[in-house]
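J.: Sharing a structure here in structure tokens format.
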Amino acid sequence: MSTAPRYEPRSTVADWRQWEGRWELWNGLAVAMTPSPFGRHAKALTDAAAAFKYAVDDAENRPGGCRATVLTEIDWIVAHDTVVRPDLVVVCGGVPERHVETAPAIVVEILSPATRERDLTVKKDLYLDQGVAWYVVVDPDDGTVELFERVATGATARWTSHPVGSGTADIMICDRCRVTVPLAALTAARGA
């Protein structure tokens, strides 16, 4: 007895633009966004946004500074069939007119029970494949931060984990801009 092929409807960005509610699109498959995060997640995102905004503003004000923008909860149109909404991105240049359409320099995801697996597997792989230079994972439940740098060797790329202690992290973005991020600010939501 043969098994009928499984039908999985495929969608595009044009379809996605018509949908109501909060959705991501992964290689043509609709993925429902989780309900709004709990307080600890929201505080961690606010703290991360403030830390990265301060770091980017500081880098812009230095001689020869660069131009970058910190954005939260914005859709990134990756391809005609893929749209994701990271918790926070840092993009090179000014504020996009609509959505982000090029790889951000930095993506930050705040882990929650509903998103942990996605953030540490599917999205982490997608960000690597799409050329995101830095991936920052904040776990507000245990107060940790993981910092990954994209390292390309020929046609392949991989994440290199950077040890994260207290203090700051120096991150190079946008070809010439060094931002110094206070890591303590990213873990302040623990126990909040």
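J.: Do we find that ALA44 is within 26 Å of ASP125 (Cβ to Cβ) and surrounded by fewer than 18 Cβ atoms within 10 Å (Cβ to Cβ) in this structure?
T.: When the stated conditions are applied, ALA44 does not pass them.
J.: Tally up the residues in the stretch 126-153 that are of a type in the set (Val, Ile, Thr), modelled with pLDDT of 90 or more and more than 23 Å from ASP47 (Cα to Cα), please.
T.: Of the residues in the stretch 126-153, 1 are of a type in the set (Val, Ile, Thr), modelled with pLDDT of 90 or more and more than 23 Å from ASP47 (Cα to Cα).
J.: Could you check the stretch 141-161 and list, in sequence order, the residues that are surrounded by 14 or more Cβ atoms within 10 Å (Cβ to Cβ) and either under 24 Å from THR69 (Cα atoms) or among the polar types (S, T, N, Q) (or both)?
T.: Listed by number, the residues that qualify are THR144, VAL145, GLU146, LEU147, PHE148, GLU149, ARG150, TRP159.
J.: Let me ask something additional. Pick from ALA55, ALA49, ALA114: which is in a helix (DSSP H, G or I) and either under 27 Å from ALA32 (Cβ atoms) or within 10 Å of the chain's Cα centre (by Cα) (or both)?
T.: From the options ALA55, ALA49, ALA114, the qualifying one is ALA49.
J.: Which ones in the stretch 28-79 are in contact (Cβ under 8 Å) with a residue 12 or more places away in the chain, within 13 Å of THR180 (Cα to Cα) and among the basic types (Lys, Arg)?
T.: Listed by number, the list holds a single entry, LYS53.
J.: Taking the criterion of being part of a strand (DSSP E or B), closer than 24 Å to TRP16 by Cα and among the polar types (S, T, N, Q), would at least one residue in the stretch 66-73 satisfy it?
T.: yes
J.: Show the residue pairs that are 6+ apart or on different chains and have beta-carbon atoms under 7 Å apart, the first residue being within the stretch 120-131 and part of a helix (DSSP H, G or I), the second being among the acidic types (Asp, Glu) and buried (at least 18 other Cβ atoms within 10 Å of the Cβ).
T.: Hits for this filter: LYS123/GLU109.
J.: I'd like to verify a number: residues in the stretch 23-45 that are farther than 25 Å from LEU186 by Cα, modelled with pLDDT under 80 and assigned to a loop (DSSP other than H, G, I, E, B), how many?
T.: Going through the stretch 23-45 one residue at a time, the tally reaches 0.
J.: Name the single residue that is modelled with the lowest pLDDT among those in the stretch 154-192 being out of contact with any strand residue (DSSP E or B) (no Cβ under 7 Å at 6 or more places or on another chain) and of a type in the set (S, T, N, Q).
T.: SER166
J.: Still on this structure, please answer the following. Hey, could you check the stretch 132-167 for residues that are outside any strand (DSSP E or B) and aliphatic (A, V, I, L, M) and say which is farthest from TRP26 (Cα to Cα)?
T.: In this case the residue turns out to be VAL164.
J.: State all residues of the stretch 74-91 that are in a loop (DSSP other than H, G, I, E, B) and out of contact with any strand residue (DSSP E or B) (no Cβ under 8 Å at 6 or more places or on another chain); if no residue qualifies, say none.
T.: HIS80
The values are calculated or read from the model by the stated rules, or taken from the named source; none is laboratory data. Computed from a prediction, not measured in an experiment: that's the story for all the values here. So basically every Cβ, Gly included, is an ideal-geometry build from the backbone, and we count neighbours across all protein chains shown.
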